Structures are given as C-alpha cells and as structure tokens.
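What follows is a set of notes on a single structure, which appears directly below.
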Amino acid sequence: MRRTDWLLVGGDTILGREIRELIEEQKLPVNLTLAASRAGENVLSAPEEEDSDITVMHALDRTLVEAADVVLLGGTREANEHAVALARQCAERPALVDLTGQFEDLPESRLRAPLLETGGEEAGGGAIHTLAHPAAVALARLVALLHARHRLARVVATILEPVSQQGRAGIDELHNQTLSLLNFREVPQEVFGAQVSFNLLPRYGSGAPRALAEAAGRIEKHLATLCGARGLPLPSVRLIQAPVFHGYCLSVWAEFEKRPPVDVLERALEEAGLDLRRGDVEPVSNVSVAGQVGLGVSDIAEDHADAQAAWFWLAFDNLRAHAEAALLTAGLLARGREAK
C-alpha cells in the first residue's frame, strides 16, 4: 500500500497529539507533517518521554500544503483559513478535513461521520469535509443500532460534556479552579465564566467567550443531518457541562414501539461491536473509557414508568473518538484520490 502524505494543522493541540498517537499505534501508512496551530509559527515540542525526540511543528506555507494528499484543519481560525486559502491556490488541491467545525456553514462543506457511512459519500475535490460532533455521532450510532432491530418511537438524552472540548484552556481552567478552591482562593473563570470545579452547569457565565448553547446547537444540528438522512427518530438532547477533564457520558431514554427484554437489547448492542458491560462488571465511565476507541454502554434498565421504554448509560473518550473519525475520513479521501 502506498504511503500517503498528510498535513496536520494544529499538531501542537491536544487533539493533534491524539491523532499523532493513533497513527503511531495503528502503524498507518502515512507520512505526517505537522504545522503549528497558529499561522506563521515554528514550534518545538519537548519530548513527553526521555527516549522520545523533539517534535517540530512547521510554520504553515504553500510548499507544505502542495505536498499533502490530505490537510487536517485543527489549528486556530486564522491558521485554518490560511491553510484553506493555500489549498485553493494549488494546481491539484489536497483533500480538506475540518476538525473544528469552523467551515461547516459553507456551501462546500460536507458533514462526515465515517462510522455511520455505508460508502458512496462524495469525495469531491472542492469540498471541505467537516467532522460531525463526537456526541452527535455516538448518539446517532446508538439510535441506528437500536432502530434497526427494534423500532424506536422517541429518544431523549442528557449529555455530560468534558472540559477538554474547550482544548488545553478548558483543562487548565478546571485544574486551576480546583487548586484555588482547595486553597480558599478566587477561582479563574476566563473560559467558562463560572465555577466548573465540583459543579454542574446548564450554561456558562456571562463572561465566557463561548456559550454552552453553541455546542448544544451544533450537536442538535448534526443529529438532524445524521438521523434525518437515515430515517431515524431525532433525539431530544440537553447538554450539561461536567467537572471532568476527558470523556463524554450520556444518559439516554429510548421508547420503543414494542420494547424487547433488556437481555435482548444487551445482546444486540454487543453483537454490533459496542463495549457492552453487564451488571457483573464495573459500569462504563469517562475514566474507564479513557484512551479507548469505541462506544461503551452499560446499566441498561427498564423504565418502570413506561413499559415500552428503557434507559441506557453510554461513555466514550471524546478526543480518541474525534481522532479516529479524522483518520477514517482522511483515509477514505486519500483512497479516493488514488483511485482517480
């Protein structure tokens, strides 16, 4: 298999690091070049282990973009826009994968969720392939698997969001808030505009640069696309900010036209490849799925107030899930370029 050349804009971000690690773990035939998350910067990244080499993040330029089969856009808004502008100048334009959702409202944007795709999706040279929100993909996947075996009537989900969805700044703020509270100091609130540590939030404070409702709206929009295209019932969702560093957890209520027994539901999800954990082992959690690829589900229970409904508890590593989607999408696009 021919090795393909990929350019990762934002190689110094936490998602960029996850993508790099996944490529190494899976030994993918990819020559990965790293560009800094900010335009015009060269970055040297210190090794995380004693026997590791220093990682070089190049300043983004046309030479890097022209040499790439696929460009992964995971940097700042400015750096991503610069990469797209350079790609549009290339005689043979590289495939573009938007990791941030920055370009999803453009006419040429195509929403991608490779775990839900069956083939035949457009790989067009002019498209920007935007990765669907990982929580939307996880929920749509559960709905698709259940609906294929036992028709669903309604689905409602509460989604607990980790602070790493805000990048390194979110992780640092939760860490610093926790230290400040334990030392009886004023908590920093630059990212969330409120106390997140030891707390649950339905919305951010007024001083936050982004609203939690923006993320919720993005999940709802992506669910509408993913479920609508597949004839699936559209879930109602509520997004809550949780005081955890990594990993989504979802509490999902599903009403069936005729609900099967819990053991039948467990068997169906297990056969579909989910990490199904029954009552004799510990439940899935944001801690237990850390560093794992895939979707975990446990504690499936009948709803005692509705004979046709059941509860599901889901967990997955948000960074690993998004990195996996990036690699799958980039791989499909690279293969499509080879076939031309």
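The residues of the range 277-289 that are surrounded by 15 or more Cβ atoms within 10 Å (Cβ to Cβ) and under 17 Å from E161 (Cα atoms), listed by number, are V284, S285, N286, S288, V289. Pairs are defined by a Cβ separation below 8 Å, a sequence spacing of at least 6 or placement on different chains, a first member in the range 1-14 that is over 16 Å from V97 (Cα atoms) and without any contact (Cβ under 8 Å) to a residue 40 or more places away in the chain, and a second member that is open to solvent by 10 Å² or more (accessible area, probe 1.4 Å) and among the polar types (S, T, N, Q); the pairs so defined are R3/N31.
Can you pull out the residues in the range 147-174 that are in contact with a helix residue (DSSP H, G or I) (Cβ under 8 Å, 6 or more places away or on another chain) and assigned to a strand (DSSP E or B)? Matches in the range 147-174: L152, V155, A157, I159, E161. Has the range 160-176 got any residue that is of a type in the set (V, I, T) and under 18 Å from Q241 (Cβ atoms)? Among the residues of the range 160-176, at least one is of a type in the set (V, I, T) and under 18 Å from Q241 (Cβ atoms), which makes the answer yes.
Screening the range 1-41 for residues that are under 19 Å from H322 (Cα atoms) and acidic (D, E) and picking the one that is nearest to the chain's Cα centre (by Cα) gives E18. Within the range 294-322, the set of residues being closer than 15 Å to L115 by Cβ and without any contact (Cβ under 8 Å) to a residue 40 or more places away in the chain comprises G294, G296. Do we find that A157 is aliphatic (A, V, I, L, M), over 30 Å from R335 (Cβ atoms) and open to solvent by less than 40 Å² (accessible area, probe 1.4 Å) in this structure? Against the criterion (aliphatic (A, V, I, L, M), over 30 Å from R335 (Cβ atoms) and open to solvent by less than 40 Å² (accessible area, probe 1.4 Å)), A157 qualifies. Is the range 293-304 home to any residue that is surrounded by 14 or more Cβ atoms within 10 Å (Cβ to Cβ) and at pLDDT below 95? Scanning the range 293-304 turns up at least one residue that is surrounded by 14 or more Cβ atoms within 10 Å (Cβ to Cβ) and at pLDDT below 95.
The values are calculated or read from the model by the stated rules, or taken from the named source; none is laboratory data. In this text the structure is predicted, and so the values were computed from the model without any measurement. Cβ: placed from backbone, ideal geometry, glycine included. Neighbour counts: every protein chain shown. Accessible surface is based on the protein model in full, side chains and every heavy atom, while ligands, DNA and RNA are left aside. Shrake-Rupley method; radii C 1.70, N 1.55, O 1.52, S 1.80 Å.
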